[in-house]
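The values are calculated or read from the model by the stated rules, or taken from the named source; none is laboratory data. Given the structure is predicted, the values throughout are model-derived calculations rather than measurements. Note: ideal-geometry Cβ built from the backbone for every residue, glycine included; neighbour counts use all protein chains shown.
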Amino acid sequence: MRWIAGTGRLERDVLCRYTPMSSSSIHAVKASLLHCTGDPDRYSTDNIVYVPDGVMLIENGIIKTCGTADTTPIPEHASVSDFTGKLVIPGFVDTHVHYPQLDMIAAYGTQLLEWLERYTFPAEAAFCDKEHATNAASFFLDQLLTNGTTTAMVFGTVHPESVNAFFNEAHARNLRMICGKVMMDRNAPQNLLDTPEGSYQESQQLIDRWHEKGRLGYAVTPRFAPTSTAEQLRMAGRLLDENPGVHLHTHMAENADECDWVASLFPDTKDYLAVYEQFGLVRKRSMFAHAIHLSDNAWKRLAMHDASVSHCPCSNLFIGSGLFDLRSAQKHQVRVGLGTDIGAGDNVSLLRVVNEAYKVQQLQRHTLTPEHAFYLATLGGARALDLDTKIGSFEAGKEADFLVIDEQATPLLARRTASQKSWQDRLFSVLMLGDDRCIEQTWIMGKHYPTAASILR
Ligand code: GUN
Ligand code: ZN
């Protein structure tokens, strides 16, 4: 196993890229299995399943069945991975992240609007270059897999090259990923601007090329209301109307100054959400990142439209945006996923995101249970992306993206979990104290993906 000089990649990563299976093959995974079948909210834990002596059977990358060792016989011809005593969980789902911003993650000293000007736009300008974009996408995806994230909804940049590079790399790894080209025709540097018509054409070409190719999906991606004219937002709505099944991905109500700016740019519109509503952008398969500064009425309308929000606590704390109101989301039954929001978020790991999500609720006198936190990082994220028929749990027929968790990954975690009696308490320890070191293996469609960490172990 060698590092390829200057790429940050292991040679084996390239050699092990996806090759479709030629014949039917059954694989059995023996482990302690943990997954959600629904939302185990504060009042019910019925929707979370823990099978200490579990067996999962996988055929051609798809889960055939999942149960106890007693009730799930392993066929004679099956190959077996024995993780007895280890926890196996569905891959994490990151519902909002910017791959071009990984290179400027953890930038010092600013809040949203200045942060965009000073750090983000210069970093994104480099993605007009195909080679730069390919290198960044490859590094980003390997980081995701090392951290146990197997599906993500991802911003590209305004350059179609950035999206082509991302999808090429995701397809080569056989990943379920959603991405889109940023639409942005005002209030940004000249070299990052497109036009309403140009963004419509380029987005359509990318949809035609990539949407539903293998495991990939396209998201129409206006950056946020301040960087799109009304004409461009209208084009975004047209793309959604003309391409059923395509997603919408944008930001909303993240920062107080941003909200004031939107009110001044759209003076005749009653609130931030209404800007998106008037162009038909609020619907099922629409993902609004942050959604912090919202009225009760806006929550009600989000629910009415069946739209989703991405809670990004690492980002909200790092650039000082505010505290997400999970209780309102739950009250109105708006689907919520978790997002790293790299590079405003300062971490790739969904475990770190869960940790901060817990603290954000604590600050509001609300307690995020271990079960609900786990749900948000797995099936909840899949539901928020409307991908829950495909991923997010171990129900039969779903794609076998899963993680082997090492509860002994660090001396502290090993010591803490040793004193925990119930699986819920052990889960909480992993969620609070864990990071990429806990992700012993990442499996994609029933195949072990050799991340750097799993090889060097
Ligand atoms: N709002 C508009 N663009 C961005 C971005 O790149 N990151 C975050 N966190 N918020 C935004
Ligand atoms: Zn973002």
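Annotation: Gln101 fulfils all but one of (1) under 24 Å from Phe428 (Cα atoms); (2) under 25 Å from the mean Cα position of the chain (by Cα); (3) not β-branched (Val, Ile, Thr); the unmet one is (1). Number of residues in segment 259-274 that are surrounded by fewer than 24 Cβ atoms within 10 Å (Cβ to Cβ) and either of a type outside the set (A, V, I, L, M, F, W, C) or modelled with pLDDT under 95 (or both): the value is 7. Yes or no: Leu317 in a helix (DSSP H, G or I) and among the hydrophobic types (A, V, I, L, M, F, W, C)? So Leu317 passes the test. Before we move on, is Val353 under 20 Å from Gly392 (Cβ atoms), within 16 Å of ligand 2 (Cβ to nearest atom), in a helix (DSSP H, G or I) and in contact (Cβ under 8 Å) with a residue 40 or more places away in the chain? Answer is yes for this residue. With respect to the conditions (1) surrounded by 21 or more Cβ atoms within 10 Å (Cβ to Cβ); (2) within 25 Å of Pro100 (Cα to Cα); (3) touching an Asp or Glu at 6+ places or on another chain (Cβ under 7 Å), His372 lacks only one, and its number is (2).
Ser393 meets the stated requirement of being within 27 Å of Ser454 (Cα to Cα), in contact (Cβ under 8 Å) with a residue 24 or more places away in the chain and of a type outside the set (A, V, I, L, M). Quick check: is even one residue across segment 293-306 closer than 25 Å to Gln111 by Cα, within 14 Å of ligand 1 (Cβ to nearest atom) and touching a residue at least 60 places away in the same chain (Cβ under 8 Å)? No, that holds for no residue. Being on the phi < 0 side of the Ramachandran plot, hydrophobic (A, V, I, L, M, F, W, C) and within 20 Å of the chain's Cα centre (by Cα): is that true of Val309 here? Taking the combined requirement at face value, the residue satisfies it. In segment 320-338, the qualifying residues are those that are in a loop (DSSP other than H, G, I, E, B) and more than 9 Å from ligand 1 (Cβ to nearest atom), and the one that is surrounded by the most Cβ atoms within 10 Å (Cβ to Cβ) is Val334.
Taken as a whole, the structure places Ser393 among residues that are farther than 19 Å from His249 by Cβ and part of a loop (DSSP other than H, G, I, E, B). Quick check on this structure: which one of Gln143, Gln111 is of a type in the set (S, T, N, Q), touching a residue at least 24 places away in the same chain (Cβ under 8 Å) and within 16 Å of ligand 2 (Cβ to nearest atom)? The match here is Gln111. Taking the conditions exactly as written (assigned to a loop (DSSP other than H, G, I, E, B), within 16 Å of ligand 1 (Cβ to nearest atom) and either at pLDDT below 95 or not aromatic (Phe, Trp, Tyr) (or both)), does Thr110 satisfy them or not? It is true that Thr110 is assigned to a loop (DSSP other than H, G, I, E, B), within 16 Å of ligand 1 (Cβ to nearest atom) and either at pLDDT below 95 or not aromatic (Phe, Trp, Tyr) (or both).
In segment 246-257, the qualifying residues are those that are closer than 13 Å to Tyr272 by Cβ and assigned to a strand (DSSP E or B), and the one that is nearest to ligand 1 (Cβ to nearest atom) is His251. Restricting Glu242, Glu254, Glu277, Glu231 to those that are among the charged types (D, E, K, R) and surrounded by 24 or more Cβ atoms within 10 Å (Cβ to Cβ) reduces the list to Glu254. Scanning segment 307-319 for residues that are away from ligand 1 (no atom under 11 Å from the Cβ), among the hydrophobic types (A, V, I, L, M, F, W, C) and over 17 Å from Phe224 (Cα atoms) yields a count of 1.
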